[in-house]
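Bear in mind these aren't lab numbers, they're just calculated from the coordinates by the rules spelled out. What you see is a predicted model; the values in this text were computed from it and never measured. For neighbour counting, all protein chains shown are included, and Cβ atoms are generated from backbone atoms with ideal geometry for every residue, glycine included.
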Amino acid sequence: MHRPTRLLLLVSLALGGCVGLPTPTVPMPVQRLPAPSPPATGLVALLPGFGDAPERFTAAGFPAVLQQRDPHLDVVACDAHAGYYRGPTVVERLYEDVLGPAVDDHARRWLVGVSLGGLGALSFAQEHRDRVDGMILLAPYLGPDDLLDEIRAAGGLTRWTPPPAAAVAPERRRFVALWTWLRGLTTEPVRMPQVFVGYGEQDRLAPGIALLAAALPFDHVVTRAGDHAWTTWTPLFADLVDRALPPVDR
């Protein structure tokens, strides 16, 4: 089975409670990489994809890219595994353990989400807009295909009308609510966090991600040849960091 197709199946089953998931712990385990040039003025939290550990970010060089670009950044790689996505747990733990406490010490707060981590980043920003300045999303998982098909059939996010809450099946509610919030990117962009998106052109998730990309400024979206894999995301991330984070004098 192609990896993104398997991802969709596993996420659907996991969030629906049909397969076992790792047990969330309190607080959420994290790996902290302090700013090379203190004091830190910004914080970036990294959220992994389905089945990935936070160490994968270090292996791919994400913290190094960030801190070379801005040595005043604290970086936190979160062990936000799939178990945290049952209910609001991922949002609660990010707020309590990572971004909530950072509000007094960091003037800038960003999220980086890969695949399922992209859903986590967006879900957090949806609930706690005041805690997030921006997000870098790599091949984000944005919900079930049938919902994405509905949005596409309507002519895209700007033309889509969210269904009445009473008509939405329980397993779709979080995604309908998320896409309803994302409509703000086109109707009230100044009230939304900055969003930068990168994905592979051969990614199984690409058609759905393109719906989000169409609502963003042209220079906030980067694509390249590749599928749902770290070999695609790593160069995309370096490009997006250059676009999202202005250079800082050392």
Original post:
Hey, rough spin-label estimate for residue 173 and residue 158, points 7 angstrom out along Cα→Cβ, what's it come to in nanometres?
Top reply: 3.2 nm
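Given the DSSP H assignment, sum -39500 (n - 2.57) over each helix run of at least 4 residues in the chain and divide by its residue total; what's the result at 222 nm in deg cm²/dmol, nearest 500?
Rounded to the nearest 500, it is -10500 deg cm²/dmol.
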Original post:
Going by alpha carbons, how many degrees (0 to 90, nearest 10) lie between the helix axis of 3-15 and the longest principal axis of the chain?
Top reply: 80 degrees
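Using the Cα gyration tensor of the stretch 24-82, with a ≥ b ≥ c the square roots of its eigenvalues, what is the shape: rounded (a/c below 1.5), prolate (a/b larger than b/c) or oblate (neither)? Present the calculation step by step, with values, prior to reporting the outcome.
Working: a/c = 3.07, a/b = 1.65, b/c = 1.86.
It is oblate, given that a/c is not under 1.5 and a/b is not larger than b/c.
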Subject >> More than 20 angstrom apart: percent of Cα pairs within the stretch 71-177 >> reply: 46 percent
**OP:** In whole Hz, with x marking every Gly and Pro, tabulate ³J(HN,Hα) for the stretch 164-178 from phi via Karplus 6.51 cos²θ - 1.76 cosθ + 1.60, θ = phi - 60°.
**Re:** x, 4, 5, 8, 9, 5, x, 6, 9, 4, 5, 6, 4, 4, 5
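Plugging the Kirkwood radius over Cα pairs into Stokes-Einstein for the chain, at a temperature of 20 °C and a viscosity of 1.002 mPa s, what D comes out in µm²/s? Display every interim value, and only then the final one.
Numbers: Rh = 18.2 Å.
Diffusion coefficient, whole number: 118 µm²/s.
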Subject >> In Hz, Karplus ³J(HN,Hα) per residue of the stretch 50-57 (6.51, -1.76, 1.60; θ = phi - 60°; x = Gly, Pro) >> reply: 4, x, 9, 9, x, 4, 5, 5
Original post:
Where the centroid of each part is defined by its Cα atoms, how far is the stretch 203-250 from the stretch 23-56 in Å?
Top reply: 20 Å
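Roughly what % antiparallel, to the nearest 5, for the DSSP beta bridges in the chain?
On the way: 4 of 29 bridges.
Restricted to the chain, the bridges split so that about 15 percent are antiparallel.
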Original post:
What net charge is computed for the residues neighbouring residue 153, neighbours being all others with C-beta under 14 Å from the C-beta of residue 153, Lys and Arg scored +1, Asp and Glu -1?
Top reply: -2
